[in-house]
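Structure first, commentary second.
Laboratory data are not the source of any read-out in this text; all were calculated from the coordinates shown. Just so we're clear, the structure is a prediction, and the values are computed from it rather than from any experiment. In this analysis, Cβ positions are derived from the backbone assuming ideal geometry, glycine residues included, and neighbour counts consider all displayed protein chains.
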Amino acid sequence: MALQAIIFLLLGAAFLVLILINAFLFWHAFKANKKIDILLEKGNIKDLKDVLFNQIERTKKQDLELKEVFNRIQKIEGINEKTFQKSGVVRFNPFSEIGGNQSFAIALLDDKNNGFVLSSLFIKEGNRVYAKQIKNGKSDHLLSNEEKEAIARAIAENFK
């Protein structure tokens, strides 16, 4: 009788273990089915092959869009190199005995320090404006100290 009780207990324990394993597998199958439903768009797609082909088409479309974006970025970078990115301003009084700091020199330069310096001299008889080309931070024309300072300020200013 004791042997039958032990066998009965062992069978009951085995049965309980099998029930737990079954519940565990059922829970994992349920989670997997939820993921498959998401992948197959809740039954709208009947075949996994359709999912793969749709994904390949989306990837090709995204690749084309990325190439277009990179081309646009390169074009913008090319344009950006030629725009004025640096500026320097110096106000001064060319005649210490009269007037105030109404004269000025403005340097506008691109990323490679090319551009121009614009000078305005305010004198009693009127106003004179001069423009001088700048290449690589230098000019072929004679520069005043104020123009040199405006160029130095512009070169020192770096937005990167």
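Extension gain, Ser87 to Asn54: 0.36 nm times the residue separation minus the Cα-Cα distance gives 6.7 nm. In terms of Cα to Cα distance under 18 Å, which lysines are near enough to Lys82, apart from those fewer than 8 places away along the same chain? Once the sequence-local lysines are set aside, what remains near Lys82 is Lys112, Lys132, Lys135, Lys138, Lys160. Once backbone amide H atoms are built at 1.01 Å from N, Ile123 has Arg128 as its partners under 5 Å, excluding neighbours fewer than 5 places away on the same chain.
Straightening the chain between Asp47 and Val17 buys 7.1 nm, computed as 0.36 nm per residue apart minus the Cα-Cα spacing. Loop-located GluC sites (Glu not before Pro) in the range 20-122 (DSSP state other than H, G, I, E, B) with a sparse environment of at most 12 neighbouring Cβ atoms within 10 Å: Glu41, Glu97.
Full extension of the chain between Asn145 and Asn33 gives 32.5 nm of extra length, using 0.36 nm per residue less the Cα-Cα distance. The helix-only estimate of mean residue ellipticity at 222 nm for the chain, built from DSSP H runs of length n ≥ 4 each weighted as -39500 (n - 2.57), is -19000 deg cm²/dmol after division by the residue total.
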